[in-house]
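Here the structure is laid out as structure tokens; the discussion comes afterwards.
Every number here is computed from the coordinates shown, using simple stated rules; none is lab data. Computed from a predicted structure; not experimentally measured. A quick note on method: Cβ atoms are made from the backbone with ideal geometry, for glycine too, and the neighbour counts reach across all protein chains shown.
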Amino acid sequence: MVKDAVNTAKLLFVFAIAMFGFGYALVPLYDVFCEVVGINGKTGQISESTAIAGEIDTNRLVTVEFDTNVNTALPWSFKAEQYKKQVHPGEIAEMMFVAHNTSDRAIVGRAVPSVAPAQASLFFNKTECFCFTEQVLEPGERKEMPVKFVVDAELPDKITMMTLSYTFFEVPEAERVETASKNRIIDNNKS
Amino acid sequence: MSEAVIHDDHHDHDHKPTGIGRWLFSTNHKDIGTMYMVFALIMFFIGGAMALVIRAELFQPGLQYVDPQFFNSMTTVHALVMIFGAVMPAGVGLANWMIPIMIGAPDMAMPRMNNMSFWILPFAFTLLLSTFFMQGGAPAGGWTMYPPLVLQLGDALPFLIFAVHFLGVSSIMGAINIIATVFNMRAPGMTFMRLPLFVWTWIITAFLLIASMPVLAGAVTMLLTDAYFGTSFFNAAGGGDPVLFQHIFWFFGHPEVYILVLPSFGIISQIIPTFSRKPLFGYASMVYATAAIAFLSFFVWAHHMFTVGMPLTGELFFMYATMSIAVPTGVKIFNWMATMWRGSMTFETPMLFSIGVLFMFSIGGFTGVMMGITPVDFQYHDTYFIVAHFHYVLVPGIIYGIFAGVYYWLPKWTGNMYDEKLGKLHFWTSTISVNVLFFPMHFLGLAGMPRRIPDYNVQFTDWNQVASVGGFAFGLSQLILVWVVIKCVRGGEKATDQVWEGAHGLEWTLSSPPPFHSFTTPPQVTDATAHS
């Protein structure tokens, strides 16, 4: 009887430890889920050749607005060249963003993108973006960074306007090595 | 107390250990149960005192007695103390005391682990409550510990996180012990479908604990590494997402709600048949409804966060899933009503508290259904309406269930009848004051008063004053309970073995109080002697 009870308890301990692991498994699951349903500003990244191959819908124009934010802890200024741009769904468009390090130290920053409305983010893809990698700005440096994007021709007619928003954060010291290796992986995939 | 005496105990089972060692090294389920109950009572008063600070501050608009940071600590630590210090230990304490003698077992399956799971609690709460004396103050970002706010906490953050870890370990060990006991140590003839419903609700609660507490432990570990080891689970700058924490937290948090309430459901399922002098209506459906509630509780978590900007499909899914829990809960409510239907009812204190649960848990249940409706939740979210809702389910729902259990089994534990007049007085003062306390909060919430704010618009003054008066009256009423318990422990009319005329089940075949080691030879259980 006691031996059976010990076995039951062992099984339950294993279950408890597995559930601890499940808590951690929710982290990648959450990212995958957001990517699949295209929410949380997790916009798609496609190659330039795929983008060119797509069909262009010249019958309508969609307004893309550009919103730029800087986290209060980061001493940068960050602006888009224009506040908005009209594009045909399917065509590759480009917008230039300018970041300026106003401090007297070199800083590594990372931009976190988000597209609103959430429904539109499913149809918003980028072929080139400064948000794919970390950006290093020397003291006082001003850097122009292009974003190339395509609004999918499948975009529902009722969506006529969308907003692409970026927030720049300083990358904490401890993060950098890890992200640098991540970026290398992304670069390898591209080539 | 010398070591020799402890050593002797292992050989001489009729001898009861004495002195402080009896409690420190206890492996006896009854003693550990008693310690859990006493600990829960102390925590109930500590948490209650914090609630009274909140109600005193909210008696008038403007800032009166405490500064806002301390007020926020009060709301945060009140919740942590009441949930993890009062309600959960009280539930585990009742389980410890009653489950072995309800299933005809000599003790819990792992007596030493039982000792450990209790003695972790005082350490955990020393960690948590010591934060009041620290630089930066006690946790003040809400008991839900949402980042990034919680990460701004000063020295208290690691203490909060390790306290939660300890509490998690304690309750997981308690849960494992309960399942191991019930699965392996039932008396001959005590089949699963003959188990008393209190035992059934505890098996299901224990599974919920084992499945959900580790997830909370994971979430707070992520907070810890985010704060001190440079990870970015919830830090947008590092590619993380603060909303992710809310998802993980509530994946634990919603089952936690049922961890708190199911034992109380079990208690009143024992009491209502006893005082209606009828068997429980729909025993099997009660078991299945409890299991269904537990299963569904893992698929409704996002109803706590409808306003974070989920896609419509997600909101609809969580809305319908939430509504569906009302079905098994309704089954239980109607079964209790059917049990009372045409019964020979008498209204002793345990029965009064059980009927109180039935009425007032339903009030909280209905406002819960209201808030499960996504579009209207946008109005109720983070207002006093939610405060009214969860206090109706927690206080006159869950804590009344625990009170009912205490009154019901107190004569069994002590061998003496408690003072029935004082018990009834406790019930009526509590019931009147708890409604004066929480009912006006519905109006405040609908009018738009936000929760967790020490100040409010003058238009909310009247109902806040009513609520504060109710709060102090409710707090004072609980002193009656302490008096009843002390009086009953010290003496009183001797209780019979059966105690209550309509009581059935193994615990009532033992003497009152039961011997230190009960059921050394297992009893034979038949349909006639099984659950009431």
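Laid out as a table, the results:
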| quantity | calculated |
| --- | --- |
| Sparsely packed chymotrypsin sites (Phe, Trp or Tyr not before Pro) within the stretch B:65-128, loop by DSSP, other Cβ within 10 Å at most 12 | B:TYR65 |
| Dipole of chain B, positive end: most advanced residue of B:THR18, B:SER344, B:LEU197 [Cβ charges, Cα centre] | B:SER344 |
| Pairs from B:LYS30/B:LYS424; A:LYS10/B:LYS332; A:LYS85/A:LYS148; A:LYS84/A:LYS148; A:LYS84/A:LYS143; A:LYS10/B:LYS412 whose Cα-Cα separation, in the structure shown, is over 23 Å | B:LYS30/B:LYS424; A:LYS10/B:LYS332; A:LYS10/B:LYS412 |
| Mean separation of Cα contacts under 8 Å, 6 or more apart, over the residue count of the stretch B:332-461: relative contact order % | 35 |
| Residue (of A:MET145, B:VAL53, A:ILE107) at the positive-pole extreme of the protein assembly as shown, dipole from beta-carbon charges | B:VAL53 |
| Between 0 and 90°, nearest 10: helix B:283-296 axis offset from chain B longest Cα axis | 30 |
| Karplus (6.51, -1.76, 1.60) ³J(HN,Hα), θ = phi - 60°, over the stretch B:429-440, in Hz, Gly and Pro reported as x | 5, 5, 5, 5, 5, 5, 6, 4, 6, 9, 4, x |
| Residue mean of other protein chain beta carbons inside 10 Å, B:175-181 | 5 |
| Sorted by Cβ neighbour density within 10 Å, fewest at the top, the residues B:TRP250, B:TRP202 | B:TRP250, B:TRP202 |
| Residues A:GLU138, B:GLU348, sorted so that the one with the fewest Cβ neighbours within 10 Å comes first | A:GLU138, B:GLU348 |
| Student exercise, the protein assembly as shown dipole from Lys, Arg, Asp, Glu Cβ charges, in Debye to nearest 20 | 1780 |
| Unit charges on C-beta of K, R, D, E only; dipole of the stretch B:435-523, Debye | 240 |
| Along principal axes, Cα extents of the stretch B:112-260, largest first, whole Å | 60, 32, 22 |
| Distance between modelled label sites at B:PHE298 and A:MET96, nm, 7 Å Cα→Cβ extension | 5.5 |
| Angle in degrees between helix B:312-340 and the longest Cα principal axis of chain B, rounded to the nearest 10 | 30 |
| Residue-wise HN-Hα coupling along the stretch A:82-88, computed from phi with Karplus coefficients 6.51, -1.76, 1.60 (Hz; x: Gly, Pro) | 10, 7, 8, 8, 9, 10, 7 |
| Residue-wise HN-Hα coupling along the stretch A:128-138, computed from phi with Karplus coefficients 6.51, -1.76, 1.60 (Hz; x: Gly, Pro) | 8, 7, 5, 7, 6, 10, 7, 10, 9, 10, 6 |
| Helix axis angle, B:68-80 relative to chain B longest principal axis, alpha carbon, degrees | 30 |
| Cα centre as origin, Lys/Arg/Asp/Glu Cβ charges: the stretch B:12-128 dipole, Debye | 60 |
